[in-house]
Structures are given as C-alpha cells and as structure tokens.
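Asker: One structure, pasted below without further comment.
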Amino acid sequence: MRKLLISLSVAFVFGMSAQISCAKPVVLSSLKPLTLIAQEITGTSANVDTLLPATASHHDYPLKASDYTRLQKADIFLWVGPELESFLQKPVTNLDATKSISVYKLNGMNWPASDHSTAQAGHDHEKDPHVWLDPQNAIVIAQALTEKLIQIDSKNSAQYRENFRSFAEKIKKLDEKLEISLTPLSAAGFVVYHEGFGHFVSHYGLRQLDYVTYTPEQKPGARHLNQLRLILAKEGKCLFLEPYGDTQSARNLAQEFNLRVGILDSLGTQGVADYSQLLEQMSTSFLTCLTN
C-alpha cells in the first residue's frame, strides 16, 4: 500500500510538472496596438492579452484588483512606458525587471522631427510616446519581444524567429506601399484633435499644422484656440477627430472654418484585427480627407 501511495505521488508530481512545462507563456500588453504586434510574433505559441479596455485612457486608467493579478501572472509585460502610461509606473516597479519591456526605451526607435513634439505644461516627455504609429518602430518592438520570448520559451524559438521574419517583411512592403500613396498629400495642411500622431505624420512626410488639445483628457485653452483659429483662417483642409472622448470643441472649429472632417483611430478600436490594418486604416483616413 505504501509503495502504491509513493508511486501515485510520484506520478502526480510528474503530471503537474508536465502541465507546467507545457503551459504557454502569457504576454500582457498595455494597449491594443502592442497586442496586435505581439499576436503576430507569438502566433499560437503564447497567449496574448491586453490590460486596458479598448477605449480606456492610457494616461490615467484606474487599475482594478484583477488588473494587478494579471500583471503578476504575466510572463512578459509589454508597455510604452511612464512617458505615456504614468499610472503603470509604480505597479511595473513591483514586477520582476526581466518581465517588462518598455518600448519607449528600446534602442533603434525612430523619433519624429516635429515642432509639435516639445514638452507642454503637465507633460514631462519631450518625445511623442505614440511610438507604434511608425512602422519601423513596430519592427523594433517585435524584435525585442521575439528575443524575450526566446529567452523564456526556447523550445519555440524557431517559430518566434520565423514569425518575426514574416512580420518584418510584411510591414516593410506595406510601408513602401503607404509611402507611395501618401506622398502626394505632403502639401495638404491639417489639424489633429490631440497631439498623438507625430510618428505617422513625420514618417510619411505629412503636413500637420497644429492640434486642438495636447491630450484627450485636457480641454483646449482659449488662448490656444485663438492661435489655432488664426492658422485655420489662412490654411487648413481637414480636421481629424477621434472615435473616443469629447471632441465637440474640434467639431465646432471644423464647422466654423468649413473644414472637412476625418477620423484617426491610433488605438485600432474600430474593427482592426492586425497591425497592418491599423496602418492601412490610418492611411485611408488621410487619403479620404486630404485628397482633392
């Protein structure tokens, strides 16, 4: 009987070990665009989830107890960094440092050369943190994630490398296609609702005149709106709104100056299934609003 119990115990331990070893790594991303990139690198070899709801503010989202649990259970946490998600700074410091990837700090990232990327009151970053809107940055992010996945899940290293190679090739081809289609728009001036599109604008040589507000949570000041009116009185073809938040002030400006209105969805909340679709949707918005 004693030998039987020992045998059963040994079998149970080995069974549990096998389950643990076969468990897929968990990649938790702070935002949907990062999730879209992660899904293409992991394929079916890891589980990918998004921390924030699609339309939640990535500036001051109130984390729930279940969110802290998800952070602790994740094998890799992919986020932009405190420059964008300041509310995550303290929770991330409580994680194992090897688990998190702050894409803002990755080597090889491209940064827009824009007059609109200067620091504003209440914002301590000098570089646009919406880094995923530059396709070259997406490849840098994907490579960093690939290397981290290989470290924790070496048995699937070949698959991760192949997924990265395929992703990088696809994005480079799409980038070339979008550059050709967007180049004719280089002289068309436009205004965005909030200052979060610098990476896309700079990468494709588009002509952003200004923004309505610096962040979606911050109402535009009277002085800034007056300056914006002076710009729009001289030039400006289109004003881009966003599918989330209160954009009434921007709508009023569009009506006042008879501007075309477009929608820019940097988070991919409107039916975007992969990263390529996110870029294509952005491109289509510019082409639709600025052509003719």
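Asker: If Ser102 meets every condition in (1) under 20 Å from Glu280 (Cα atoms); (2) among the small types (Gly, Ala, Ser); (3) in contact with a Phe, Trp or Tyr (Cβ under 7 Å, 6 or more places away or on another chain) apart from one, which number is that one?
Answerer: With (1) under 20 Å from Glu280 (Cα atoms); (2) among the small types (Gly, Ala, Ser); (3) in contact with a Phe, Trp or Tyr (Cβ under 7 Å, 6 or more places away or on another chain) applied to Ser102, the lone miss is (1).
Asker: While we're looking at this one, here's another question. Kindly provide the set of residues from the range 50-70 that are hydroxyl-bearing (Ser, Thr, Tyr) and in contact with a helix residue (DSSP H, G or I) (Cβ under 8 Å, 6 or more places away or on another chain), ordered by number.
Answerer: The answer is Thr50, Tyr61, Tyr68.
Asker: Can you find even one residue in the range 19-31 that is assigned to a helix (DSSP H, G or I), within 28 Å of Asp274 (Cβ to Cβ) and modelled with pLDDT of 80 or more?
Answerer: Within the range 19-31, none of the residues are assigned to a helix (DSSP H, G or I), within 28 Å of Asp274 (Cβ to Cβ) and modelled with pLDDT of 80 or more.
Asker: Given (1) in a loop (DSSP other than H, G, I, E, B); (2) in contact (Cβ under 8 Å) with a residue 60 or more places away in the chain; (3) within 22 Å of Asp134 (Cβ to Cβ); (4) not β-branched (Val, Ile, Thr), identify the lone condition not met by Ser276.
Answerer: For Ser276, the failing item is (1).
Asker: Looking at Lys237, Lys148, Lys172, which is the one that is farther than 18 Å from Ser266 by Cα and either of a type in the set (A, V, I, L, M, F, W, C) or loosely packed, with under 14 Cβ neighbours inside 10 Å (or both)?
Answerer: Answer to the check: Lys172.
Per-residue answers, yes or no, for (1) at pLDDT below 95; (2) within 30 Å of Glu242 (Cα to Cα); (3) out of contact with any Pro (no Cβ under 9 Å at 6 or more places or on another chain):
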| residue | (1), (2), (3) |
| --- | --- |
| Leu34 | no, yes, yes |
| Leu51 | no, yes, yes |
| Ala54 | yes, yes, yes |
| Asp60 | yes, yes, yes |
| Ala65 | no, yes, yes |
| Tyr68 | no, yes, no |
| Trp79 | no, yes, yes |
| Ser86 | yes, yes, yes |
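Asker: Also, quick follow-up: So Ile180 passes all but one of these: (1) assigned to a helix (DSSP H, G or I); (2) free of Cβ contacts under 8 Å to residues at least 40 places away in the same chain; (3) more than 18 Å from Cys289 (Cα to Cα). Which condition number does it fail?
Answerer: Evaluating Ile180 over (1) assigned to a helix (DSSP H, G or I); (2) free of Cβ contacts under 8 Å to residues at least 40 places away in the same chain; (3) more than 18 Å from Cys289 (Cα to Cα) leaves (3) as the failure.
Asker: While we're looking at this one, here's another question. Can you spot a residue in the range 212-224 that is without any contact (Cβ under 8 Å) to a residue 40 or more places away in the chain and more than 27 Å from Ser86 (Cβ to Cβ)?
Answerer: The answer is no, given that none of the residues of the range 212-224 is without any contact (Cβ under 8 Å) to a residue 40 or more places away in the chain and more than 27 Å from Ser86 (Cβ to Cβ).
Asker: Here are Thr288, Thr269, Thr284: which of them is among the hydroxyl-bearing types (Ser, Thr, Tyr) and part of a loop (DSSP other than H, G, I, E, B)?
Answerer: Just one listed residue meets the conditions, Thr269.
Asker: Do you know which residues across the range 246-266 are crowded, with 16+ Cβ neighbours inside 10 Å and over 19 Å from Gln208 (Cα atoms)?
Answerer: none
Asker: How many residues are within 14 Å of Leu290 (Cα to Cα) and outside any loop (DSSP other than H, G, I, E, B) if we restrict to the range 190-240?
Answerer: Counting residues in the range 190-240 that are within 14 Å of Leu290 (Cα to Cα) and outside any loop (DSSP other than H, G, I, E, B) gives 10.
Asker: Here's another thing I want to ask about it. Looking only at residues that are assigned to a helix (DSSP H, G or I) and in contact (Cβ under 8 Å) with a residue 40 or more places away in the chain in the range 59-88, which one is surrounded by the most Cβ atoms within 10 Å (Cβ to Cβ)?
Answerer: Leu88
The values are calculated or read from the model by the stated rules, or taken from the named source; none is laboratory data. All values reported here derive from a predicted model rather than from experimental measurement. In this analysis, Cβ positions are derived from the backbone assuming ideal geometry, glycine residues included, and neighbour counts consider all displayed protein chains.
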